[in-house]
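A.B. asks: The structure that follows is given in the form of structure tokens.
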Amino acid sequence: MHNVIIIGSGCAGNTAAVYTARASLKPIVISGHEPGGQLSITSEVENFPGFPEGILGPQLVENMKLQAQRFGAEFRHGYVEECDLSRRPFRIKIDGAWEETRTLIVASGASARWLGLPNEQKLIGKGVSSCATCDGFFFREKEIMVIGGGDSAMEEANFLTRFGRRVTLVHRRDQFRASKIMLDRVVANPKIEMLTNTVVDDIYDVTKGTVTGVKLRNLVTGATEDRAVDGFFVAIGHIPNTKFLGGQITLDEDGYIVSQGGARTNVPGVFHAGDVQDRTYRQAITASGAGCMAAIEAERFLEHEGH
Ligand code: NAP
């Protein structure tokens, strides 16, 4: 029987692990399909306070893990398939085996959203990617395309100019969600061409087993054109990882956990932290703050229950 199981090992989960471990609760952290969360696929993090020169995302999240381990947190590679939150202790199925816990911190984050084109999934790893940091290296001196109009797309487009001959940023509107500073960097980058009011209708060429080009459509004129592309990066946001909760926790229409105040969910003893609940801020520092809140609430909950 565990005091606390933390689902997710990004900023939120790892910070919750630091706090609960330091409170001698011996937390178990289940790392999930994407260990380290989104920071593990980010390059430079310039806005996490305490690092005046910036820090690499994977390094930052690894530091948090080491810090939690120093106080006795246990990290497990594994994936939560389902859970039974109908009574306490809660039961959590991790890679086929059920475990019991008095409290649960859900810090499972959100995963990359895809366009949903028929050929997109078939060409993942063959030119289609959602992670510039992971795959940019493969496209030295190649034609690269990035889809999206938020900060992620701006960051990826800028980063990919280190590798590509040219980067084309394709966005479906002519207004951008991206922050001004990130957008300004893209506009000022001579290696980036911007195509607005434009969508991708198809990705070629499944028969060749690699990305060779795309079919673009201008939403204002309706004109279509084929373009040669080698690397196709999708940066259009994320989907919260909440399927394993099986409807036992109240979610909004997009699948994000609905907070009941603080870090509380509708089930007493189950707490949320990070992007799995936060659709507004979604920053490393806010996820860490949320992990801290969830840990303190779990600690108080256990104390109140006499553990
Ligand atoms: P986002 O802000 O939600 O932007 C998603 C973009 O993808 C939007 O421009 C959206 O277009 C577009 N999009 C969504 N679905 C699409 C579809 N089916 N086809 C074509 N385009 C589609 O997501 P994000 O850029 O991943 O950023 C998420 C959060 O992380 C934000 O809070 C952001 O500030 C933060 N972030 C910060 C940094 C940083 O500061 N270093 C870096 C990355 C991310 P519409 O605008 O038309 O809806």
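A.B. asks: With respect to Arg177, is the statement that it is free of Cβ contacts under 8 Å to residues at least 60 places away in the same chain, within 19 Å of Gly237 (Cβ to Cβ) and in contact with a Leu (Cβ under 8 Å, 6 or more places away or on another chain) true?
C.D. replies: Values: free of Cβ contacts under 8 Å to residues at least 60 places away in the same chain: yes; within 19 Å of Gly237 (Cβ to Cβ): yes; in contact with a Leu (Cβ under 8 Å, 6 or more places away or on another chain): no.
Criteria not met by Arg177.
A.B. asks: Right, Phe137: within 12 Å of the ligand (Cβ to nearest atom), over 22 Å from Asp202 (Cβ atoms) and open to solvent by 10 Å² or more (accessible area, probe 1.4 Å) or not? I'd like the intermediate steps shown before the answer.
C.D. replies: Details: within 12 Å of the ligand (Cβ to nearest atom): no; over 22 Å from Asp202 (Cβ atoms): yes; open to solvent by 10 Å² or more (accessible area, probe 1.4 Å): yes.
Here the answer is no, as Phe137 does not meet what is asked.
A.B. asks: Using the structure shown, decide if Arg102 is in a loop (DSSP other than H, G, I, E, B) and over 29 Å from Ser152 (Cβ atoms).
C.D. replies: Details: in a loop (DSSP other than H, G, I, E, B): no; over 29 Å from Ser152 (Cβ atoms): yes.
No: the conditions fail for Arg102.
A.B. asks: On to the next question. Collect the residues in the stretch 192-247 that are in contact with a Lys or Arg (Cβ under 6 Å, 6 or more places away or on another chain), open to solvent by 70 Å² or more (accessible area, probe 1.4 Å) and away from the ligand (no atom under 14 Å from the Cβ), keeping them in residue-number order.
C.D. replies: Within the stretch 192-247, Thr224, Asp226 qualify.
A.B. asks: Looking only at the stretch 159-177, which residues are more than 7 Å from the ligand (Cβ to nearest atom) and open to solvent by less than 40 Å² (accessible area, probe 1.4 Å)?
C.D. replies: Phe159, Leu160, Thr161, Phe163, Gly164, Val167, Thr168, Leu169, Val170
A.B. asks: If you check every pair at least six apart or on different chains, which have Cβ atoms under 9 Å apart with a residue in the stretch 56-73 that is in the same structural domain as Gly8 (by TED's automatic domain parsing) first and a residue that is open to solvent by less than 80 Å² (accessible area, probe 1.4 Å) and among the charged types (D, E, K, R) second?
C.D. replies: Note: pairs meeting the criteria are Leu56/Glu44; Gly57/Glu44; Ala73/Lys65.
A.B. asks: Let me ask another. Give the number of residues within the stretch 140-158 that are in contact (Cβ under 8 Å) with a residue 40 or more places away in the chain, open to solvent by 20 Å² or more (accessible area, probe 1.4 Å) and either more than 12 Å from the ligand (Cβ to nearest atom) or touching a strand residue (DSSP E or B) at 6+ places or on another chain (Cβ under 6 Å) (or both).
C.D. replies: 3
The values are calculated or read from the model by the stated rules, or taken from the named source; none is laboratory data. As the structure is a prediction and not an experimental result, all values here were calculated from the model. Using ideal geometry, Cβ is built from the backbone for each residue, glycine included, and neighbour counts are taken over all protein chains shown. Surface accessibility is based on the protein's heavy atoms, side chains included, excluding ligands, DNA and RNA. Shrake-Rupley method; radii C 1.70, N 1.55, O 1.52, S 1.80 Å.
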